[in-house]
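Colleague: To start, I am sharing the structure in question, which I have written as structure tokens.
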Amino acid sequence: MTEGKADQAYRAIERMIVFQEVPPGSLASESQLMERTGFGRTPVREALQRLARNRMVEIHPNKGVLIPSTSVEAELRMLELRRVLDGLAVRLASERATTDVRERMTAMVALLDKDAFTLEAYAETVKDTHDLIVEGAGNDYLADAIAPLQGLSRRFWLTHVVDRPAEIATGSGLHARILRAILERDADAAETASHALNDYLIDFSYATLRAAR
């Protein structure tokens, strides 16, 4: 299915927010986002409404679009929910992933094993990995629930990562472990691997909190 203009605008603006091309705490206008993305007013407005529902932006009429700051407290609350939803997603993917999805997962494991990513390339690979898992799970309601949480969590990680090579190596290994378990159709191992990733993100959040003190 061809992606509509509103979906394309959403992805473009979300990427700008995740990579802090629009800084946290800043105000942007619709016209600025139209110029930077190349999309018209209607798709940008629809994208912003969706981003607001997903807590990526706050729309303030007559003032602009606020990019909220990240916080450890919010990240930890999101991770509580992600633990459950991610665990469900990997279990379903272990049971339901089609041959096509499994082939793409195999290719993704090979990519993750190379462990030579730039920060931007790693972030895109993580997003693609999450999308593959959710596609394999075959549940649209789960996809709608999990996507905004993963986007916000990815933004938090990118905002606060310090030792990039070490954190990328750790994250790559954890994501590859999840995919391998799914490919083996071992739902229990996939959920355990998913929880290990969640534990890592919790530890990362607390480390960020300690560094700020």
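The values are calculated or read from the model by the stated rules, or taken from the named source; none is laboratory data. Just so you know, these numbers come straight off a predicted model, no measurement behind them. Cβ placement follows ideal geometry from the backbone for every residue including glycine, while neighbour counts extend to all protein chains displayed.
To keep it simple, each residue is scored yes or no on (1) in the same structural domain as MET56 (by TED's automatic domain parsing); (2) within 21 Å of TYR122 (Cα to Cα); (3) in a helix (DSSP H, G or I).
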position	(1), (2), (3)
ALA12	yes, yes, yes
MET16	yes, yes, yes
GLN20	yes, yes, no
SER31	yes, no, yes
THR42	yes, no, yes
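Colleague: Please state which of the following conditions ALA116 fails to meet, knowing it meets all the rest: (1) within 18 Å of THR208 (Cβ to Cβ); (2) part of a loop (DSSP other than H, G, I, E, B).
Modeller: With respect to (1) within 18 Å of THR208 (Cβ to Cβ); (2) part of a loop (DSSP other than H, G, I, E, B), ALA116 is out only on (1).
Colleague: Residue by residue through region 105-128, note down the ones that are of a type outside the set (S, T, N, Q), under 11 Å from the mean Cα position of the chain (by Cα) and either under 15 Å from ILE178 (Cβ atoms) or surrounded by fewer than 19 Cβ atoms within 10 Å (Cβ to Cβ) (or both).
Modeller: Correct list: GLU124, VAL126, LYS127, ASP128.
Colleague: Right, SER71: surrounded by fewer than 16 Cβ atoms within 10 Å (Cβ to Cβ), of a type outside the set (Lys, Arg) and without any contact (Cβ under 8 Å) to a residue 24 or more places away in the chain or not?
Modeller: Yes.
Colleague: Regarding region 55-62, can at least one residue be identified that is without any contact (Cβ under 8 Å) to a residue 60 or more places away in the chain and over 21 Å from ARG155 (Cβ atoms)?
Modeller: Within region 55-62 (the criterion being without any contact (Cβ under 8 Å) to a residue 60 or more places away in the chain and over 21 Å from ARG155 (Cβ atoms)), the answer is yes, since at least one residue qualifies.
Colleague: Next question, about the same structure. Report yes if LEU158 is closer than 24 Å to PRO23 by Cβ and buried (at least 16 other Cβ atoms within 10 Å of the Cβ), otherwise no.
Modeller: For LEU158, the condition - closer than 24 Å to PRO23 by Cβ and buried (at least 16 other Cβ atoms within 10 Å of the Cβ) - is met.
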